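A.B. asks: Next up is a structure, given as structure tokens.
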Amino acid sequence: MVSAVFHSPRETVPQAASGAERSATHSIARNAGTVSAKPEKHLKNAAATRPPRDFSAPWMRVLPPLLGLALLAVLWEVVSIATKASIPSPKDTFLQAVVLFSDPFYRNGPNDQGVGWNVLSSLKRVAMGFGLAAIVGIPVGFLIGRFTFLSHMFNPLISLMRPVSPLAWLPIGLLVFKGADPAAIWTIFICSIWPMIINTAVGVQRVPQDYMNVARVLNLSEWKIVTKILFPSVLPYMLTGVRLAVGTAWLVIVAAEMLTGGVGIGFWVWDEWNNLNVKNIIIAIFVIGIVGLMLEYTLIKLATAFTFEEVKN
């Protein structure tokens, strides 16, 4: 007898149902784990891609300089206390500056004039020496950069003369010009001309060769090459040389006036030292720094107005 064993649906369905429940439970758990892991991953990605803190706010531009000046004032006060007021305190120097700048353009004789006249006299000498250096140095830089023969000819001379201290040229100026003012202007001229020559020549030499090839194909004259191709390309380098030169000139005029005398900010510093007026010496240091900063800022604005966009940064 063949017997067949049949299983009741009531016995098979619960087993199938329990297996489905287990698979569904595992699936929900896996999904839950995936869901719970995704927020952590998103949080990590958000933390990694979070933009840096913005320091371009107005107060962030003002606060660091103020902290730097406050630190300088604190150190200055400490030095004043340590030297037993041999170095005047910031407060005493500020009060003296208020008195000094209340009448900066007084005249009590050739050797007793206000700080305003001294600054103007120094700026006049700087303008004359710097202007002469620009008139001579920029064309010479163009010629040296344009022609290889002149470059090989003048490079040894520039390398020999440029490291010489500017004040070493002052006795030569006194010997040749027989006067303090021309000697100071000569010293500014000779120390300002090297940055202009070097930077202008480097700018000419870095003009892309493709530009010169196009000029050769178009058979342009030398004047058009200079005005249409070289000058626009060299302008950023030339203005960099001008900035370096004017900074050097302002540094040199102070030392030159200390030695030559006359009206000027350098002579004023030396005269106040002879009078043992340390407050005015410190004030003169700040005046020299502020005037130099203003000259630098003016030339930076000039450079950003006449150079390419990438040079502005």
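The values are calculated or read from the model by the stated rules, or taken from the named source; none is laboratory data. Quick caveat, the model's predicted, so the values are computed rather than measured. Note: ideal-geometry Cβ built from the backbone for every residue, glycine included; neighbour counts use all protein chains shown. Side chains included, ligands, DNA and RNA excluded: accessible areas come from the protein's heavy atoms. Shrake-Rupley method; radii C 1.70, N 1.55, O 1.52, S 1.80 Å.
A.B. asks: If eta is 1.567 mPa s and T is 4 °C, what Stokes-Einstein diffusion coefficient results for region 77-155, Kirkwood Rh from Cα pairs, in µm²/s?
C.D. replies: 76
A.B. asks: Just read off the accessible area of Tyr106 with the full protein assembly in place, 1.4 Å probe, to the nearest 10 Å².
C.D. replies: 60
A.B. asks: Using a 1.4 Å probe and ignoring any ligands, DNA or RNA, find the accessible area of Lys91 and quote it in Å² to the nearest 10.
C.D. replies: 150
A.B. asks: Run the simple label-point estimate for Arg162 and Ala73 please: 7 Å along Cα→C-beta, distance reported in nm.
C.D. replies: About 4.3 nm separates the two model spin labels.
A.B. asks: For Phe105 and Leu251, compute 0.36 nm times the residue count separating them, minus their Cα-Cα distance, and round to one decimal in nm.
C.D. replies: Values: separation 146, 0.36 × 146 = 52.56 nm, distance 2.31 nm.
Using 0.36 nm per residue and subtracting the Cα-Cα distance, I get 50.3 nm.
A.B. asks: May I pose another question? How far is it, in nm, from the label point at Phe177 to the one at Ala85 when both lie 7 Å from their Cα along the line to the Cβ?
C.D. replies: According to this spin-label approximation, the distance is 4.4 nm.
A.B. asks: For region 97-122 and region 137-151, what is the separation of their C-alpha centers, rounded to whole Å?
C.D. replies: If you average the Cα positions of each part, the centres end up 43 Å apart.
A.B. asks: So what J values fall out for region 136-147 if you push phi through Karplus, 6.51 cos²θ - 1.76 cosθ + 1.60 with θ = phi - 60°, rounded to Hz, Gly and Pro as x?
C.D. replies: 8, x, 5, x, 5, x, 4, 5, 5, x, 7, 10
A.B. asks: Given a cut-off of 29 Å, name the pairs among Lys124/Lys178; Lys124/Lys279; Lys124/Lys224; Lys178/Lys301 whose C-alpha atoms lie farther apart than that in the structure shown. Working shown, then result.
C.D. replies: Working: Lys124/Lys178 19 Å; Lys124/Lys279 26 Å; Lys124/Lys224 35 Å; Lys178/Lys301 38 Å.
Flagged as over cut-off: Lys124/Lys224; Lys178/Lys301.
A.B. asks: Tell me, what ³J(HN,Hα) does each residue in region 219-224 have, in order and in whole Hz, if you take phi through Karplus 6.51 cos²θ - 1.76 cosθ + 1.60 with θ = phi - 60° and put x for Gly and Pro?
C.D. replies: After applying 6.51 cos²θ - 1.76 cosθ + 1.60, I find 6, 6, 6, 5, 5, 5 Hz.
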